[in-house]
1. Give ILE496, ILE457, ILE474 a once-over and let me know the one that is away from the ligand (no atom under 14 Å from the Cβ) and either among the hydroxyl-bearing types (Ser, Thr, Tyr) or crowded, with 21+ Cβ neighbours inside 10 Å (or both).
2. Going residue by residue through the range 339-347, is there one that turns out to be in contact (Cβ under 8 Å) with a residue 40 or more places away in the chain and under 20 Å from the mean Cα position of the chain (by Cα)?
3. So how many residues does the range 338-368 have that are of a type in the set (Val, Ile, Thr) and within 8 Å of the ligand (Cβ to nearest atom)?
4. Any residue that is assigned to a helix (DSSP H, G or I) and in contact with a Phe, Trp or Tyr (Cβ under 9 Å, 6 or more places away or on another chain) - is there at least one of those in the range 269-280?
5. Pairs, please: C-beta under 7 Å, at least 6 apart or cross-chain, first residue within 15 Å of CYS250 (Cα to Cα) and in the range 267-286, second of a type in the set (Asp, Glu) and outside any helix (DSSP H, G or I)?
6. Pairs under 7 Å by beta carbon, first residue within 15 Å of GLY127 (Cα to Cα) and in the same structural domain as LEU91 (by the TED database) in the range 165-181, partner part of a strand (DSSP E or B) and among the polar types (S, T, N, Q), six or more apart or different chains?
7. Checking the condition closer than 22 Å to TYR18 by Cα, within 14 Å of the ligand (Cβ to nearest atom) and part of a strand (DSSP E or B), which residue from TYR433, TYR440 passes?
8. Out of (1) closer than 17 Å to TRP355 by Cβ; (2) more than 9 Å from the ligand (Cβ to nearest atom); (3) at pLDDT below 95, the odd one out for GLU462 is which?
Amino acid sequence: MNMQRIETMTGNYNLENYEEMYKNFNWEEVKKEFSWYDSGKVNIAYETIDRHADNPDKADQTALIYTAPDREEKLTFSELKQKSNQFANVLKKHEIEKGDRVFLFMPRSPEFYMSFLGILKVGAIAGPLFEAFMEQAVRDRLEDSEAKMLITTPELLNRVPVNELPNLEKIVLVGDTNSSDHIDFYKEMEQASKSFDIEWVDLEDGMLLHYTSGSTGKPKGVYHVHNAMLQHYQTAKWVLDLQKDDVYWCTADPGWVTGTSYGIFGPWLNGVTNVIVGGRFSPENWYKTLQDYKVSVWYSAPTAFRKLMSAGEDAVKPFDISNLRHVLSVGEPLNPEVIAWGMDAFKLRIHDTWWMTETGAQLICNYPALDMKPGSMGKPFPGITASIIDNEGNELPPNQMGNLAIKAPWPSMMRAIWKRPEKYESYFLNGWYVSGDSAYKDEEGYFWFQGRLDDVINTSGERVGPFEVESKLIEHEAVAEAGVIGKPDPERGEIIKAFITLNDGYNKSDELLEDIRQFVKKGLSAHAAPREIEVADKIPKTRSGKIMRRLLKSWELGLPTGDTSTLEE
Ligand code: PRX
């Protein structure tokens with residue numbers, strides 16, 4: 001197979017001619033697809049669910065298929081409208097109002113989706129938290145957002161330091177509970193009316209806060225507004241190529257942006273059946289899901305594909321996955337080997353897409369009707385201007401590496417970093433949004449990812465800030481100082497490696513290092529715990545006390561150390 005270029009495959013795609021459309025596209029046209037174009041009344045939850053529920057041709061179509069080892073449930077658009085109305089009524093009863101932050105901390109379940117949509121229907125701002133977060137991670141996010149309400153399960157409640165969060169007035173528990181201190185989800189849902197008057201909001205009103213990590217400081221709240229629907233809708237139509245009879249599966253958790261933009265909004269704005277899978281990953285389960293639900297469009301991540309790849313061809317053979325017609329990837333570099341494997345295993349191309357929590361939706365993509373160059377992230381979505389710029393904000397010619405940047409604004413762009421205006425401003429230069437990724441563009445306009453320019457770690461597609469991990473490490477009684485880096489790993493992209501110095505009286509031992517690892521795991525989350533910990537004599541720092549992670553990385557990789565003139569001594 002020619003791995004330089006894989007030509008487009010035959011099919012009837014929503015976007016037939018990318019180049020043509022790129023020249024003519026205008027976001028204004030997309031607005032006409034929405035009811036608010038005439039009514040002036042906006043709510044993304046209405047466009048996502050109610051609009052289909054109110055359409056006799058679509059009302060009884062399955063919107064959500066939930067499948068987990070111990071549970072299977074299907075909800076039509078009409079049922080999902082009613083359930084989210086009921087939850088919106090519960091929220092109203094407990095005095096949740098427009099602009100309030102309501103957080104969700106629970107595993108994927110039908111209740112998650114009813115609650116999430118209910119939050120949007122009252123005009124509040126939803127804050128989904130990854131279920132694997134431990135106490136510190138939960139606390140940081142609830143504290144910063146000043147969340148008024150949290151929806152969680154009785155099992156997860158013990159990771160929520162309720163008494164130390166003065167703004168957190170109410171807790172909704174989903175599950176068996178005898179607690180009289182908290183709101184019982186099922187009981188209140190039963191009593192709630194199935195009809196609800198949606199809170200109509202402005203396109204620029206907030207709807208979603210996703211916390212994500214940078215290289216410094218605590219995780220930051222990336223703030224998204226209802227207007228993002230324009231881009232969720234159009235990218236799901238042209239990049240995911242969603243069509244009327246598709247069954248779609250996005251493997252991302254709604255605690256991360258892919259799980260909301262393309263696990264909720266993209267598919268449902270397009271009125272497509274959405275499969276949601278609970279439980280743990282295993283190649284057999286995944287192939288079985290593709291088979292049993294006749295999944296036709298599938299959005300996943302390189303780490304998952306690499307795991308399937310290492311499970312071998314025999315793992316896929318017993319399953320009939322012939323309904324699959326379009327496969328996509330996001331979150332980390334998609335290796336050409338994985339694409340070659342996909343051509344073998346699925347007889348399909350795996351389409352890489354590039355975007356970020358801050359961008360709200362896909363920006364640089366491979367399209368079904370466009371030739372693919374394996375290793376390239378593809379070309380900018382129509383209506384999006386992407387470029388490579390230098391540190392002064394000047395555009396660079398083809399094939400020169402620089403900052404991957406996007407002309408601001410675009411419909412789904414974040415509108416703020418919660419309570420940190422200076423942080424928000426720091427993303428922009430000369431009218432460009434600067435991504436923090438380095439890349440180059442070739443003569444044909446394809447973009448090629450090169451790496452992160454800051455110290456942010458990408459492990460199994462999950463974004464981890466070194467500062468958070470370092471802060472947790474030094475809370476351990478044995479640890480004096482810590483510096484954390486991403487170390488290249490064939491399956492996970494990167495793993496987290498920590499360098500530490502020990503306090504007096506502590507000696508290096510396997511038990512101690514494991515104890516430190518567990519300490520981070522229990523404090524933050526499993527994916528943020530260092531897989532490798534190395535005891536060092538000293539952690540290199542600048543004269544102003546900043547940890548020189550770059551130097552740690554060079555040591556680790558045996559690379560030249562470059563400019564060390566700012567080193568402490
Ligand atoms: O470094 C890029 C990498 O993931 C970062 C964004 O992470 P996050 O905000 O968690 O969003 C992930 C999913 C939208 C980017 O700055 N990244 C994302 N997609 C790709 C990628 N790196 C290489 N190729 C991609 N397709």
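The values are calculated or read from the model by the stated rules, or taken from the named source; none is laboratory data. All values reported here derive from a predicted model rather than from experimental measurement. Don't worry about glycine lacking a Cβ; one is built from the backbone with ideal geometry, like all the others, and counts go over all protein chains shown.
1. Only one candidate passes the filter, namely ILE496.
2. Checked the range 339-347: no residue is in contact (Cβ under 8 Å) with a residue 40 or more places away in the chain and under 20 Å from the mean Cα position of the chain (by Cα).
3. 4
4. yes
5. These pairs meet every condition: VAL272/ASP246.
6. ILE171/THR152
7. Result of the check over TYR433, TYR440: TYR440.
8. (2)
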